[in-house]
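The values are calculated or read from the model by the stated rules, or taken from the named source; none is laboratory data. Remember, it's a predicted structure, so these values are computed and weren't measured experimentally. Methodologically, a virtual Cβ is constructed for each residue, glycine included, from the backbone with ideal geometry; neighbour enumeration extends over all protein chains shown.
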Amino acid sequence: MKQLLNIGIKIIGIICLIATIIIAIIAYTHKIEILPTYLAIIFCGILFESYRISKGSKSILYVLLCAYFISLVVFFPNVGKGVYHFEERIKRLPYVLCFSYLIILIASHKKIIIPRLTEGVTLLLSVSFIYWLSGKQLLNFETWDSSIITIVTLLFSLISVINGLFLVKLSKLNRLILSIWSTIVVFVIGVDNLMDLMGYVSFDDHNGFSDTFKIAIQYFLFGMSSIYLAQNFFLLLLLVPSKEDKDDILFYENIRDHYGRYSESQVKRFFSIFCILYCFVLFYLNQKMKILPVNTIIWIVTFTFPVILNIMIKINDKIRKSKSIDF
């Protein structure tokens, strides 16, 4: 069975290689841009994050190979659709590749992609969401819509703060609420980020290295976050009961995924306070100096804080070990 699988992978690899050579020759001959710059940066972000969370697993290469093989379906002729435009299909290829890669990755690496949430992560997302609403001028009581959004945000943020600072029992219901709230925050910020990026037509519209670099960072971070955006979309979608799912099997399975991915371990109060201070300092500096867009600084804080926290924990552990040895 394993030999057949290896043979199948080799055959797919050969087909993809031949197709790539043909596409490259045609694109070069007709001067077609196969991969737009912004899409290349987004895909690099997707590959980087998928490689990071899988810890360099070879399975990512198989996902990429399968996604590329499936994306070749864009070259299949449509019956009764008139003239076959090969050039247009070449331009569609990278978009289908990105979409196929995300779907296959989510389906095959569900346990890896669904992150292990903690009270600290939810607290981080809550503070980020308050900053996001403030940046969008939605954190107020001027209209009914903004009032409802503000009340709901402050309520769930208060719950996350209480859980982060005090020893509150993480029951299934508590974990479910915190997990759904975290999912909503990631999805809303991710969609807003996508809408903002759609406003950038091309890199040529911006003068200077600074502007180009800022936009490149936004595309790369969106690529990293798109994995979680897609996963959170499915997590939210499956919360809606379906008529086809008469026994609500998928619904209850999704509920189990939500509270099951939430850690029952309590976060130390010091780390929660440090999280709030870390977010406040970076968000405040960005607000005053206008360095990066709101969505970009949020993703930077979201991705960097766990790294910094892990470094602090390792340093703290080394200090404790050295003290115990000296004693």
*Considering every residue within segment 257-268, establish whether at least one is surrounded by 12 or more Cβ atoms within 10 Å (Cβ to Cβ), modelled with pLDDT under 85 and among the small types (Gly, Ala, Ser).*
yes
*Taking the condition under 25 Å from Ile46 (Cβ atoms) and at pLDDT below 85, does Lys169 pass?*
no
*asked:* Give me the residue from segment 237-256 that is assigned to a helix (DSSP H, G or I) and surrounded by fewer than 17 Cβ atoms within 10 Å (Cβ to Cβ) and, out of that set, modelled with the highest pLDDT.
replied: Leu237
*Considering only helices (runs of 4 or more DSSP H) fully contained in segment 39-119, which possess at least 1 residues that are crowded, with 18+ Cβ neighbours inside 10 Å and modelled with pLDDT of 85 or more?*
59-71, 86-108
*How many residues are in contact (Cβ under 8 Å) with a residue 24 or more places away in the chain and either among the polar types (S, T, N, Q) or in contact with a Lys or Arg (Cβ under 9 Å, 6 or more places away or on another chain) (or both) if we restrict to segment 174-191?*
4
